[in-house]
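*Asks:* Please see the structure below; I have some questions.
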Amino acid sequence: MQTFKQKYLINFWDNYRALVALGILSAVYFGIFGGVWAVTGEMTRWGGEFLELFGVDLSSYSYYQKQNLNGTPLTRSDGLMLIGMFIGCFIAALWANKIKWRLPASRIRVFQALVGGALAGFGARLAFGCNLANFFTGLPYFSLHTWVFTLFMVGGIYVGVKLCNSQFFKPQAKLVKVDKQNCTLKPDKSRARFYFLLGSILFAFFILALFYFSVGEINVKNKPSLLSLALLFGFGFGFIIARAQICFTSCFRDLFLFGRDKAIKGALVGMIIASLIAFAFILQGHGTKLIEISPALALGAFLFGFGIVFAGGCECGWTYRAFEGQTHFMLVGIANIAGTMILALSYDFIPGVLKEGVKINLLNFGNFTGFLLNLILFILVFILILWYKRRFFKEVL
């Protein structure tokens, strides 16, 4: 039992395997719910509902009408999935004794959290999806807009990496003399036991919540009967990203900064497997999300890519880090939701020509042809990553 606890609940998981598992899990989620694992859409609804608490009438705002504010987070599958994700992150942090209140390292980090978080939220909703809906759980589902999004998102990440790697934004480390005799680290075993017990109690309540949201027999055509599954899938997503420290920002950021490609390779393998599973579901009649390829999509993707690097984490990254007690990422999360609100309230003022575009489903070229085209694009990205890594270390050496 102690070995299991140490290996699976305390030690970090391998992020390559975790990303592959997330790809498979997200494809199964698509098969059940007919939608992708995505979070900023629901966060936009939460932002709208927050405004309504203060009497703001959102009926004239087209973006909020598109997002459909009907119901509550407890009656929407996306809402319960996101709540489950938060619970999964929190329980993972408690069981692993990873919770510690940490303030931002400097004022510039606070600035980065607020500005980067807001830009990421704004950009994600301008592009109608973040790096979950339009990248990790988007690329496997054959809409060409996801590849365009990825291209401009990577461009934004690259610019963000170059800016944040400048001297102005680098943290200024201070050397402090330490007394060697009194600097031994003593683990607080009582706190670890308390956190583990608290996590176990919360997990027990989570199990009870699953039973509460179970409404009769589960039927994919009966959305209320799937609420418990949405909560369960969300928990699984949150628990895995917390234990494996998954932040999709790092997939490309680490490649550009250090030449590390393990995370992006894991993401690619997970997406390729998800594409196979999704293709089988689509052949059985499942629809796929299509978004216009437009200037707004490209701009939103770039702003999102830049924002997540400037803030230090994407939606997955800030979520599990916030539940570990890192106030910097709590600020990122608040700014992220604020960014979605800013976009939704200003969307009608964006010129229509920027929002107009064409929807292209690769499967319209033929099921097998579309699947093959998607696979070729994945292989091409894989080759480009290997090329960049080789070039990176040649320049370093």
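*Asks:* If you scan segment 193-223, which residues turn out to be open to solvent by 60 Å² or more (accessible area, probe 1.4 Å), in contact (Cβ under 8 Å) with a residue 40 or more places away in the chain and within 26 Å of N70 (Cβ to Cβ)?
*Replies:* Passing the criteria: V220, K223.
*Asks:* Could you list all residues from segment 105-142 that are among the charged types (D, E, K, R) and in contact with a Ser or Thr (Cβ under 8 Å, 6 or more places away or on another chain)?
*Replies:* R125, the sole residue that qualifies.
*Asks:* What number of residues within segment 265-324 are of a type in the set (S, T, N, Q) and under 14 Å from the mean Cα position of the chain (by Cα)?
*Replies:* 1
*Asks:* I would also like to ask the following. Of (1) farther than 26 Å from F304 by Cβ; (2) open to solvent by 60 Å² or more (accessible area, probe 1.4 Å); (3) modelled with pLDDT of 90 or more, Y16 satisfies all except one. Which?
*Replies:* Condition (1) is where Y16 drops out.
*Asks:* Among the residues of segment 91-111, which ones are part of a helix (DSSP H, G or I) and of a type in the set (D, E, K, R)?
*Replies:* R107, R109 - these are the residues of segment 91-111 that are part of a helix (DSSP H, G or I) and of a type in the set (D, E, K, R).
*Asks:* Answer with yes or no whether A38 is open to solvent by less than 40 Å² (accessible area, probe 1.4 Å), hydrophobic (A, V, I, L, M, F, W, C) and more than 25 Å from N134 (Cα to Cα).
*Replies:* no
*Asks:* From M330, M341, which residue is touching a residue at least 40 places away in the same chain (Cβ under 8 Å) and among the aliphatic types (A, V, I, L, M)?
*Replies:* After applying the criteria, what remains is M341.
*Asks:* Shifting gears a bit: Answer yes or no: is there a residue in segment 89-96 that is under 15 Å from the mean Cα position of the chain (by Cα) and either in contact (Cβ under 8 Å) with a residue 24 or more places away in the chain or farther than 30 Å from R191 by Cβ (or both).
*Replies:* Yes - at least one qualifying residue is present in segment 89-96.
*Asks:* To continue, here is another question. Does segment 72-83 include one or more residues that are of a type in the set (V, I, T), open to solvent by 50 Å² or more (accessible area, probe 1.4 Å) and more than 17 Å from the chain's Cα centre (by Cα)?
*Replies:* yes
*Asks:* Output the number of the condition that S228 fails; it satisfies all remaining conditions of (1) buried (at least 22 other Cβ atoms within 10 Å of the Cβ); (2) assigned to a helix (DSSP H, G or I).
*Replies:* (1)
*Asks:* Does S166 meet the test of being modelled with pLDDT under 90 and more than 24 Å from M330 (Cβ to Cβ)?
*Replies:* Criteria met by S166.
*Asks:* Next up: Scan segment 84-106 residue by residue and report those that are surrounded by fewer than 24 Cβ atoms within 10 Å (Cβ to Cβ) and farther than 15 Å from R321 by Cα.
*Replies:* S106
The values are calculated or read from the model by the stated rules, or taken from the named source; none is laboratory data. Computed from a prediction, not measured in an experiment: that's the story for all the values here. Every residue, glycine as well, gets a Cβ built from its backbone with ideal geometry; the counts of neighbours run over all protein chains shown. These area figures cover heavy atoms from the full protein model, side chains too; ligands, DNA and RNA do not enter into them. Shrake-Rupley method; radii C 1.70, N 1.55, O 1.52, S 1.80 Å.
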